[in-house]
Amino acid sequence: MVTPSNNSFAPPKSTVADVAAADAGTEKASRGSRLGAIILDGLILTIPFAPSYVIALPGVIGRAKVAGPGKMGAFSVWGAIAGTGGWFYFGLLAAICTLTITAVLVHRNGQTIGKKLLGIKVARTDGSRATLARIFWLRYLVSTLISLIPLAGSVYGLVDALLIFGEAKRCCHDYIADTIVIRA
């Protein structure tokens, strides 16, 4: 009879842990700072469009009444917002500037504007610098494409957000891109 200690078919007995961040001498960012950074980034991109939203609101409501319930599409709404003239173009110019600044910050240090303000950044799991390509293609674009799938995208978005409460403090997009968010 084979005993458990000399069974060559038994699974290995080792502890598997997420120790890469500890080896790199880095401290993971708190959940609150990650949430704060995403809220700040959203506000920074949205606020410049606020005047055009307010100006376009009466036109959107009027078009919705004419079209009837459930008949007005997203293109009609964006058409009304774009029809606000200078305010829309101001918001568009501000968004392009913000995205350019964000791309430079992400390229240099793995930080968006919100992450920079809160003192956190994206890094590889071994603590090395995450490239702009890795952050854009794997962290953001893949997650965005998955979230566009009807129903499955909504489930993915929920799972992605809830994984932050795991011991590793990593979301789906972190696992996809092999990244962590650390204190800068």
Q: Name the lysines eligible as straight-distance cross-link partners of Lys121: C-alpha to C-alpha under 21 Å, and not fewer than 8 places from it in the same chain.
A: Lys28, Lys169
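Only helical DSSP H runs with n ≥ 4 go in: add -39500 (n - 2.57) per run for the chain, normalise by residue count and round the 222 nm mean residue ellipticity to 500 deg cm²/dmol.
-16500 deg cm²/dmol
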Q. Which ³J(HN,Hα) values in Hz, rounded to whole numbers, follow from the phi angles of the stretch 102-118 under the Karplus curve 6.51 cos²θ - 1.76 cosθ + 1.60, where θ = phi - 60° and Gly and Pro get x?
A. 4, 4, 5, 5, 5, 5, 6, 9, x, 10, 8, 4, x, 5, 5, 5, 9
(Q) With every atom except the alpha carbons ignored, what do you get for Rg and Dmax of the stretch 77-184, in angstroms? (A) 16.3, 49
(Q) What does the extension gain come out to for Ile47 and Ile101, with contour length at 0.36 nm per residue minus their alpha carbon separation? (A) 17.8 nm
Q: Would you mind telling me the share, in percent, of accessible area of the chain contributed by carbon and sulfur at probe 1.4 angstrom?
A: 70
Q: Enumerate the calculated ³J(HN,Hα) couplings along the stretch 126-142 in order (Karplus 6.51 cos²θ - 1.76 cosθ + 1.60, θ = phi - 60°), each rounded to whole Hz, writing x wherever the residue is Gly or Pro.
A: 8, x, 6, 5, 8, 6, 4, 4, 4, 5, 5, 6, 8, 6, 9, 5, 4
**Q.** Per residue accessible area in Å² of the stretch 10-129, where ligands, DNA and RNA are left out and the probe is 1.4 Å
**A.** 62
Q) Among all the lysines, which ones have a C-alpha under 25 Å from Lys13's C-alpha, if same-chain residues fewer than 8 places away are not counted? A) none
Q. Toward the positive end of the charge dipole of the chain, about the Cα centre and with charges on Cβ (Lys, Arg +1; Asp, Glu -1), which of Ser154, Asn7, Gly127 goes farthest?
A. Ser154
(Q) Please list, in order along the stretch 146-155, the HN-Hα scalar couplings obtained from phi with the Karplus expression 6.51 cos²θ - 1.76 cosθ + 1.60 (θ = phi - 60°), rounded to whole Hz, x for Gly and Pro. (A) 5, 5, 7, 6, x, 6, 4, x, 5, 5
Q) Say the dipole of the stretch 16-123 comes from +1 at the beta carbon of Lys and Arg and -1 at that of Asp and Glu; which of Ile44, Thr26, Ala67 then lies farthest toward its positive end? A) Ala67
Q: Report, in debye and to the nearest 20, how large the dipole of the stretch 36-184 comes out about its Cα centre when Lys and Arg carry +1 and Asp and Glu carry -1 on their Cβ.
A: 200
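The values are calculated or read from the model by the stated rules, or taken from the named source; none is laboratory data. If you're wondering where the values come from, they're calculated on a predicted model, not measured in any experiment. Every residue, glycine among them, receives a Cβ derived from its backbone with ideal geometry; neighbour counts consider all protein chains shown. Heads up: the accessible areas ignore ligands, DNA and RNA and are worked out on the full protein's heavy atoms, side chains in. Shrake-Rupley method; radii C 1.70, N 1.55, O 1.52, S 1.80 Å.
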